[in-house]
Amino acid sequence: MSRKSIVLPVVLVVVAGLGWLIAERFLAEQRADDAASNENRRAPVEVADIQRGPIELRRMFTGTLNAHAEFVVAPKIGGRVEDLLVDLGDTVERGQVVAQLDDAEYVQAVRLAEAELAVAEANLAEARSQLTLAERELQRLDRLRERGVSSESQLDLARADQSAKKALVEVSKAQVMRARAALETARIRLGYTRVSADWTGGSAQRLVGARYLDEGETVAANAPLLQIVELDPLTAVFFVTERDYALLQVGQRAEIRTDIWPGEVFPGEIVRIAPVFQSSTRQARVEVRVANPQRRLKPGIFARIALVLERVADAQIVPEQALVTRDGNRGLFVVTEEGAAVVWREVEVGIRQDDRVQVSGEALGNRVVVLGQQLLRDGSQIVIAEAAEAVTQ
């Protein structure tokens, strides 16, 4: 083996070793530069002020407006509707006659009852007359008996005849009473042909909300003929779940909005809260009274009911986007007084109103990060977006 063949491999090994040392040194310096650069790098963020003031827990429920009171006009007797005196939307006074049924049959029944009463009264008069004659005959025989002219048997017959005539008078009286009762019944039934709206309570004036039959049709006894509704006030009905039920109370104020009058708010007040939940929906019924003096709202329309369930007069409030969850805990990145770093603060979340949230915790400072939290940890250096823009400009 020649000397030249031995030297060449040694030279190549030395050159490779020197190259490796140089590359390792260069990489080490690069890593050191990157570490220094990372330490000096600041995360760009946006911040917002922590505010103090009132905040409310509002809920919006959907429901339906119902008439405060409804009265269904139904005749007590059946018959043909001869005349409807009111129509849909008409104003009705309490006790007003609203329909007339065909009364020919009932008029005839009254005349028959009057005739039967006249016959009964005539029979009573005749019975009284016969009683008077029987009493006179008994008196005459009594006088004759005292003189010994009449016999005892004649006197007994006269007494028996008098008793029979008295009984006949009593029977005739009873017949007269029965005939009078029959006449009164016939007159009452005749009166039923004039159908009136006799509701109780509420206002003296209401409106016709529905008409179920037309003139000329036949209505059955106690079948609906008209619906009379009271429009002032109205009742908004909605249902709540267990979560909100405990926050409601009678007398609580409400705001009602409808699509029929967009942009307008109608004040209301909770008047009833059901003490039980419906087994099918696990919800409880709530009723809100809504004043409707101009009758602009109508029963049956869709309504949105806004309620303030809770209110805190002095609360710490942050934008909802400032909240962050780290390791299962809710908190905020609070900006230090110098504005160059952030600290992590755990908080308890309270009332939410729109995009604002009530928070409570210690040392929350004045400002919180609302954008860029994914780049942060406790103690991270930051640059606020507004400040960075000012420097570049």
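Coordinate-derived values only; no laboratory data. The structure displayed is predicted, hence computed values, not measured ones. Here the Cβ positions follow ideal geometry from the backbone for every residue, glycine too, while neighbour counts run over all protein chains shown.
A few comments on the model shown:
- Whole-Å distance, taken between Cα centres, linking segment 280-326 and segment 362-379: 32 Å
- Difference of contour (0.36 nm per residue) and Cα-Cα distance, residue 249 to residue 218: 6.3 nm
- Two-site FRET efficiency, residue 327 against residue 296, from Cβ-Cβ distance with R₀ of 56 Å, rounded to 0.05: 0.50
- Each Cα pair under 8 Å and six or more residues apart adds its separation to the average, and for segment 103-192 the resulting relative contact order is 52 percent.
- Ordering 171, 183, 374 by Cα displacement along the dipole of the chain toward the positive end leaves 171 in first place; charges were set at the Cβ atoms of Lys, Arg (+1) and Asp, Glu (-1).
- Cβ charges +1 (Lys, Arg) and -1 (Asp, Glu), total dipole of segment 130-211, debye: 560 debye
- By DSSP, the beta bridges lying fully in the chain are antiparallel in about 95 percent of cases.
- Which of 212, 192 has the fewest Cβ neighbours within 10 Å, and the rest in rising order: 212, 192
- With the cut-off at under 19 Å, measuring from each backbone N in segment 299-331 to a point 7 Å along the Cα-to-Cβ line of residue 96 picks out 299.
- Of 249, 278, 227, the one that fluctuates the most in a GNM where the chain has Cα springs shorter than 10 Å: 278
- Radius ratio Rg over Rh of segment 176-301, counting only Cα atoms, Kirkwood formula for Rh: 1.16
- Extension gain (nm, one decimal) between residue 174 and residue 237, 0.36 nm per residue minus Cα-Cα: 16.9 nm
- Whether segment 230-312 is rounded, prolate or oblate, judged on the alpha carbon gyration tensor where a/c under 1.5 counts as rounded: prolate
- Extension gain from residue 375 to residue 163, taking 0.36 nm per residue of separation minus the Cα-Cα distance: 64.2 nm
- DSSP loop GluC sites (Glu not before Pro) with at most 13 other Cβ within 10 Å excluded, longest remaining stretch of the chain: 1-214
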